[in-house]
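Peer 1: Sharing a structure here in structure tokens format.
The values are calculated or read from the model by the stated rules, or taken from the named source; none is laboratory data. Bear in mind that the values here come from a model prediction, so they are computed numbers and not experimental data. Heads up, the Cβs are rebuilt from the backbone with ideal geometry, glycines too, and the neighbour counts pull from every protein chain shown.
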Amino acid sequence: MTLDLAEQRADLMRAREELAKTEEQLRLDRAGGSAGGRAQVDRDLVIADTDVAHLRREHDSLTRLVSRQAATRTDLDAIGLALSRAETTRDGLVARQEALDREATENIKIRRLSLDRLRATISRLETQAASDRVIAPVDGTVYSLPVRAGTRVQAGEILAFVGNLQTMQVRAFEAALVGSLDPASYRKSTGSREVTNS
């Protein structure tokens, strides 16, 4: 008997595609998150660090000039405000970078669990897809097929009745005669009994 496993084969293809996507996502997570997002934060942080370093030097220089009365306090305050803004921007980028790292770490854990689940699913579906032929566990003749082609079956469901017709005894009785048979004599009989309608 051959089973139609088109649905299992389609599920297997979908699971393999999902496995490939999840492996790619894991690779990205290990690299620190989405390439564009993480790279942009890193570039912005380098620029912010450069701005902060430049504004600190300028602030220190203006502080010395103000002490010698070679620059105004207004100029120093303006640079101080710009430095404060640059430091706030840089701190925000550092926090964003740390959040991306935490997110990537969590995503790595989730992706690994997903990969384990997908590999188990693929293994199960490969086993199912490879076993499209049903072989009876005993030798004999199929004498009943309770399921028909196209019927959906579950694991453990009976697909066919198989028996050894060489040693099988079949007794048939008409319903009207069943009441007239003596159960005691029937149990003692070892041969076959023929009942005819009289």
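Peer 1: Which one of these does A160 not meet: (1) in the same structural domain as A39 (by TED's automatic domain parsing); (2) small (G, A, S); (3) surrounded by 12 or more Cβ atoms within 10 Å (Cβ to Cβ)?
Peer 2: Checking A160 against (1) in the same structural domain as A39 (by TED's automatic domain parsing); (2) small (G, A, S); (3) surrounded by 12 or more Cβ atoms within 10 Å (Cβ to Cβ), the one that fails is (1).
Peer 1: Which residue is farthest from the chain's Cα centre (by Cα), if the candidates are limited to the range 132-143 and must be part of a loop (DSSP other than H, G, I, E, B) and in contact (Cβ under 8 Å) with a residue 60 or more places away in the chain? Full working, then the answer.
Peer 2: Filtering the range 132-143 for residues part of a loop (DSSP other than H, G, I, E, B) gives 132, 134-140.
From what's left, in contact (Cβ under 8 Å) with a residue 60 or more places away in the chain: 132, 134.
Values: D132: 24, V134: 29 Å.
The residue in question is V134.
Peer 1: May I pose another question? Where the second residue is of a type in the set (S, T, Y) and the first is in the same structural domain as L26 (by TED's automatic domain parsing) and lies in the range 116-127, which pairs have Cβ atoms under 9 Å and are six or more apart or on separate chains?
Peer 2: L118/T22
Peer 1: Which condition number does A129 fail, the rest of (1) touching a helix residue (DSSP H, G or I) at 6+ places or on another chain (Cβ under 8 Å); (2) among the small types (G, A, S); (3) not in a helix (DSSP H, G or I) being met?
Peer 2: Of everything listed in (1) touching a helix residue (DSSP H, G or I) at 6+ places or on another chain (Cβ under 8 Å); (2) among the small types (G, A, S); (3) not in a helix (DSSP H, G or I), A129 misses just condition (3).
Yes or no, residue by residue, for (1) under 30 Å from the mean Cα position of the chain (by Cα); (2) under 17 Å from D91 (Cβ atoms); (3) modelled with pLDDT under 85; (4) part of a helix (DSSP H, G or I):
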{"residue": "E7", "(1), (2), (3), (4)": "yes, no, yes, yes"}
{"residue": "A15", "(1), (2), (3), (4)": "yes, no, no, yes"}
{"residue": "A20", "(1), (2), (3), (4)": "yes, no, no, yes"}
{"residue": "G32", "(1), (2), (3), (4)": "yes, no, yes, no"}
{"residue": "R38", "(1), (2), (3), (4)": "yes, no, yes, yes"}
{"residue": "V46", "(1), (2), (3), (4)": "no, yes, no, yes"}
{"residue": "D51", "(1), (2), (3), (4)": "no, yes, no, yes"}
